[in-house]
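Each remark here refers to the structure printed beneath this line.
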Amino acid sequence: MLKNDVDKEEPSRDLYHQVYLAILEHRLPPGTKLGEDKLAKIFNVSRARVREILARLSHEGVVELVPQKGAHVARPSPKQARHVMEMRRLIEPGIVRKLITSLDDEKHAKLLAHLDAETTARRDADTQAIIRLSGDFHFLLGDLCGNEFLARSIRELSTLTCLIIYLYDAPTSDACRDDEHAEIVNAVVAKDADLAAELVTRHLDHIEASLKLSDGVQVVDIEQVFSQISAKPNAKG
């Protein structure tokens, strides 16, 4: 790829990453309108490029595209929230079982490093980092299990769970506790597949039990959320 092509692609990659991260960190609540004009201006890319990124996020289930209404951060219904948790209970125990079969020193080290990062974020009371790392733990399990399709599935489901936790008023510190993550890692390291699967299921049950499955939506201004981005110069996409 030519350098000019790389420069043109960089802003759109940044747009995708920043929107995804803002959703994970609960800075973009469910239902937030993602206006093409605003995003194009904030990230200094074309509306066509914005549409491409929004279509990708829609395919991953974290953005909803509605004709005549545009793009919004996904707002799962209570029924959809239960279905997301049900699907996670079906596949995530299988992920930890598969991870155990391929666990090595490098994967072990990555799991421990992540737990250390969670501990640091909680010690520092860094709310955004706590939220992001809670979701990243499940991404990591999927990435380390060695099956790209399982990894992709759990990434999408975990991101939807972040939206669900925000929408249905579950405090992240209660919904996704770091001690439960540590227990799961200990079982994986001990190569106790049955216990690891049981702990994952219990953890997901705990998350679902913390949800208040009722309606409610918060409105935010995306220009304010991405204010630090709009202040930076970018190549035109």
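None of the figures in this text is laboratory data; all of them are computed from the coordinates on show. Worth saying up front: this structure is predicted, and the values here are computed from it rather than measured. Here the Cβ is made from the backbone with ideal geometry for all residues, glycine too, and neighbour counts use every protein chain on show.
Quick notes
- HN-Hα J in Hz across segment 49-55 - Karplus 6.51, -1.76, 1.60, θ = phi - 60°, x for Gly and Pro: 5, 4, 4, 4, 5, 5, 5
- Cβ crowding within 10 Å averaged over residues, with 49-61, 100-112 ranked highest first: 49-61, 100-112
- The phi torsions of segment 113-126, fed into the Karplus equation with coefficients 6.51, -1.76 and 1.60 and a -60° offset, translate into couplings of 4, 5, 4, 4, 5, 4, 4, 4, 4, 6, 4, 7, 6, 8 Hz, rounded to whole numbers, with Gly and Pro shown as x.
- Cα pair distances exceeding 14 angstrom across segment 58-134, given as percent: 77 percent
- Sorted ascending by nearby beta carbons within 10 Å, beginning with the fewest, 144, 163 become 144, 163.
- Global size of segment 78-209 as Cα Rg and Dmax, reported in angstrom: 13.7, 41
- Among the listed pairs 79/212; 38/79; 33/212, those whose Cα-Cα separation exceeds 20 Å are 38/79; 33/212.
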